[in-house]
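Written out below as structure tokens is the structure these notes cover.
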Amino acid sequence: MLLWFWCDRKTEAEQCIMMAAKIISPVIDLSYTAGYNWCIEQVKSSQYMDLAHSLDIDKAIGFLKQKDFKQVVCLSVCLSVCLCTSISDSH
């Protein structure tokens, strides 16, 4: 019961963080992308560090919706490097 409660609270917190990043990103910096990058950096330095990759993927989806394929390719390379680093650190 306690594990279920903890997982539910963690999921709710992650959803709140992702929604907050979307809301405050255009306000805290000159561009949405710069604000979103700031949010990702803040999440990376918090206890929700694993959520930063989800935010990166969400940012890539946003670029796809805007048809900004150059940004998507650049971001996918960065995500691939991070994924490879994470895998090599775990072994």
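The values are calculated or read from the model by the stated rules, or taken from the named source; none is laboratory data. As the structure is a prediction and not an experimental result, all values here were calculated from the model. Positions of Cβ are generated from backbone atoms using ideal geometry, with glycine treated the same way; all protein chains shown enter the neighbour counts.
Below, the figures for the structure above:
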| quantity | calculated |
| --- | --- |
| Residue in segment 1-13 that is closer than 20 Å to ILE61 by Cβ and either in contact (Cβ under 8 Å) with a residue 24 or more places away in the chain or surrounded by 12 or more Cβ atoms within 10 Å (Cβ to Cβ) (or both) present | no |
| Residues of segment 41-78 satisfying the condition of being at pLDDT 80 or above and outside any helix (DSSP H, G or I) | SER45, SER46, GLN47, TYR48, MET49, ASP50 |
| Tabulated pairs, segment 24-37, first more than 14 Å from PHE63 (Cα to Cα), second surrounded by 16 or more Cβ atoms within 10 Å (Cβ to Cβ) and among the polar types (S, T, N, Q), C-beta under 6 angstrom, 6+ apart or interchain | GLY35/SER25 |
